[in-house]
């Protein structure tokens, strides 16, 4: 059994991505790691090279600044890396996601157990979506709870929408011409992805947020947005305190945190409908109408 990690990144330092931690977190499982590195100006490529891992292969890319609908640029970059993998399994890790070292054996056993079971097209992971600080996670419908992060290679699987998940397509022509694709048949791995997308100093978070929205919206939409110096972490519905341990790779990052966040100050903003659905989920564990981009085996 062989495993290929794959990812993409551009100007990771500029926007505060823990991309080095992300990539290193799955390297022990990988025979190779393919990363599409966009045209960066902040030393991102050099830092990846300086990891000095013979497993890492860099694919240099140039981001199309005009690809500004639906976050397709992110899927495009994920697919560039995916197209170069050679392993039996492809393990996708995004630049703000980290796997805990305690979970590597569990992941390996799952891939090895089902390596010859072609019914299993991928593996589904739980997500811990950190917000505002490394001590709180999102626990409402605004956060995706599960995503596919391991896929079987050579099945004409491509990144779906904005690279959040994956689907299988009849052909590359069908994919490029808007075919919706087929949901993958997946097994659940009882392992979380530590997702650090909303854990940055407030000024840097605002900068990253506007950069991200640039690939979803045109200039007229961006011009209408309130010009804020800092991201308002308290404008949120609800959070839950995190009581577990973070991956060791993140310990130096967490120790160097230089902003304050008080979870008691969040504004808990809900519409009446959101509040009702939140309470149903809180007390029953059932998320009504949850979006599922997979078929669980």
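The values are calculated or read from the model by the stated rules, or taken from the named source; none is laboratory data. Just so it is clear, the structure is predicted and the values come from calculations on it, not from any experiment. Counting neighbours? That spans all protein chains shown, and the Cβs are built from the backbone with ideal geometry, glycine included.
Select from segment 100-135 the residues that are closer than 23 Å to residue 153 by Cβ, touching a residue at least 40 places away in the same chain (Cβ under 8 Å) and part of a loop (DSSP other than H, G, I, E, B) and write down the one among them that is nearest to the chain's Cα centre (by Cα). Out of the qualifying residues, it is 121. Residues of segment 93-125 that are out of contact with any strand residue (DSSP E or B) (no Cβ under 8 Å at 6 or more places or on another chain) and over 20 Å from residue 296 (Cα atoms): 101, 102, 104, 105.
Being in contact (Cβ under 8 Å) with a residue 60 or more places away in the chain, closer than 27 Å to residue 112 by Cβ and surrounded by fewer than 17 Cβ atoms within 10 Å (Cβ to Cβ) is the requirement here; does residue 190 meet it? Yes; evaluated as a whole, the condition is true for this residue. Cβ-Cβ distances below 8 Å connect the following pairs, each with a first residue in segment 27-54 that is touching a residue at least 60 places away in the same chain (Cβ under 8 Å) and at negative phi, a second residue that is assigned to a strand (DSSP E or B) and surrounded by 14 or more Cβ atoms within 10 Å (Cβ to Cβ), and a separation of six or more residues or different chains: 29/3; 29/5; 29/91; 30/3; 30/4; 30/5; 30/91. The residues listed here are 36, 78; of these, the one that is part of a helix (DSSP H, G or I) and either at pLDDT 95 or above or crowded, with 19+ Cβ neighbours inside 10 Å (or both) is 78.
Residue-by-condition table, conditions (1) assigned to a loop (DSSP other than H, G, I, E, B); (2) over 19 Å from the mean Cα position of the chain (by Cα):
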| position | (1), (2) |
| --- | --- |
| 137 | no, no |
| 140 | yes, no |
| 143 | yes, no |
| 148 | no, no |
| 154 | yes, yes |
| 173 | no, yes |
| 178 | yes, yes |
| 189 | no, no |
| 194 | no, no |
